[in-house]
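Report on the structure given below.
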Amino acid sequence: METEKLVELLEKYSNAILAFMVLQSIAFSFTYGTNSRFGCLVKNEDMLAVGLIAHFAISTALACVATILIGRGIRQVLQHSAMPATILTRIYLAKLVVIVLFAAIPILLLFAYGISDVRDPQLCVGR
């Protein structure tokens, strides 16, 4: 495979991971904020909020690991090119920051509103 094609393919994978994390965060946060039944179920079902927090934490960790490995792979492929490694490092560091920041949104939402001692499952009926 040509070097340029390989780099392009790895970059597409990296961008797909970043897009997935951003869209997942936005979709969850929007649904949690606008769908009262969903929000009520998250708050009142045993361990649902904890499971969602675990999901977001694990998917964030996996996305970060994948992004780091893709960045390293691209650096190895381009080690003899004219592109400075510092630029590539900064680009992938920025991608990691975006992944972590967007993953923090639903995690903080769940910590703030999803985990509560006040539970009333009857509120979810009929919503």
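The values are calculated or read from the model by the stated rules, or taken from the named source; none is laboratory data. Since the structure is predicted, the reported quantities are computational estimates derived from the model, not experimental observations. Note that we place each Cβ from the backbone using ideal geometry, even for glycine, and neighbour counts take in every protein chain shown.
Go through the stretch 32-49 and count every residue that is surrounded by 13 or more Cβ atoms within 10 Å (Cβ to Cβ) and either touching a Cys at 6+ places or on another chain (Cβ under 7 Å) or not aromatic (F, W, Y) (or both).
10
Return the pairs, sorted by first residue and then second, in which the second residue is surrounded by 15 or more Cβ atoms within 10 Å (Cβ to Cβ) and basic (K, R), the first residue lies in the stretch 40-67 and is under 30 Å from T89 (Cα atoms), the beta carbons are less than 7 Å apart, and the residues are 6+ apart or on different chains.
So the pair list comes out as T67/K95.
Please find, within the stretch 83-102, the residue that is surrounded by the most Cβ atoms within 10 Å (Cβ to Cβ) out of those that are modelled with pLDDT of 85 or more and either in contact with an Asp or Glu (Cβ under 8 Å, 6 or more places away or on another chain) or farther than 18 Å from L69 by Cβ (or both).
Among those residues, the one meeting the criterion is F102.
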